[in-house]
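*Asks:* This is the structure I want to talk about, given as C-alpha cells.
Read-outs throughout are calculated quantities, based only on the coordinates presented, and are distinct from any laboratory measurement. Predicted model, so just to flag it, every value in this text is computed and none were measured.
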Amino acid sequence: MPDLVGLFTSFDFLSAVLFILGIILVIIEMFNPGFGAPGITGTILLILGIISVARDPYDVLYLIIIILAILGIALTFVLHSATKGRLSKTLVLTASLNKEQGFEGTEDLKFFLGKEGKAVTILRPAGTADFDGVKLDVVSESEYIQKDAKIKVIKVEGRRIVVRETK
C-alpha cells in the first residue's frame, strides 16, 4: 500500500512553490490561450516539482493524478466561462459588420436595377448578359430567353441579378 502521508510530508518550500506556480501558469494559459509560454513554463515547473518530491514511480503516478484532477476542475471553470462568462467576451467575437456601419460583403450591384441590355448567351434560366459593355451572370425571371434578346434587370439580390425579356 502506498504511503500518501509520506508523499505529502516530503514537500519542502521549493517543491510547494514549483507546484503552485506551475498550476497557476497552466491555468493562466487556459484563460488566455495564445503563444503557450505560460503553459509550457507551468508544465516544466510541474515536472520539476514531481521530480523533487517523488521517491518512486507510484509517487509520480499519484502526483500526476492529483495535478490532472486540479487542472480538470480548472478546465471546467474555463469552459463554463468561455460559454457564459467573462471569457466569452474576450475570446468570442460578438460584434458584427452590417450595412449601416458601411460594410458590404459583396460588390453592390443595385445600380444595375432597371438597366436594359442584351443576352450574350441563351438564358435557361442562367446565362450571361451585357449591360453597356459590362458582362454579368444573370438569371431569367422564369422563362427561357434567346441569345441577343433585349432584357431588363428587374431584381438584384446580393450577387444574383434577375432579368426579364423586353419586347
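*Asks:* Let me know the shape class of the range 110-165, please: from the alpha-carbon gyration tensor, a ≥ b ≥ c as square roots of the eigenvalues, rounded when a/c is under 1.5, otherwise prolate if a/b is greater than b/c, or oblate.
*Replies:* Values: a/c = 1.58, a/b = 1.21, b/c = 1.31.
Here the range 110-165 falls in the oblate category.
*Asks:* Tell me, what HN-Hα J-couplings in whole Hz come from the Karplus equation 6.51 cos²θ - 1.76 cosθ + 1.60 at θ = phi - 60° for each residue of the range 55-66, using x for Gly and Pro?
*Replies:* Per-residue couplings from phi come out as 9, 8, x, 5, 4, 4, 4, 5, 5, 5, 5, 5 Hz.
*Asks:* Across the range 70-80, in residue order, what do the Karplus-derived ³J(HN,Hα) couplings come to in whole Hz, using 6.51 cos²θ - 1.76 cosθ + 1.60 with θ = phi - 60° and x for Gly and Pro?
*Replies:* After applying 6.51 cos²θ - 1.76 cosθ + 1.60, I find 4, 5, x, 5, 5, 5, 4, 5, 5, 5, 5 Hz.
*Asks:* Work out, step by step, the length gained on full extension between LYS135 and ARG159: first 0.36 nm times the residue separation, then minus their alpha carbon distance; give nm to one decimal.
*Replies:* Values: separation 24, 0.36 × 24 = 8.64 nm, distance 1.32 nm.
Contour length minus Cα-Cα distance gives 7.3 nm.
*Asks:* Could you tell me the center-to-center distance, by alpha carbons, between the range 119-163 and the range 34-87 in angstrom?
*Replies:* When both Cα centres are located, 62 Å separates them.
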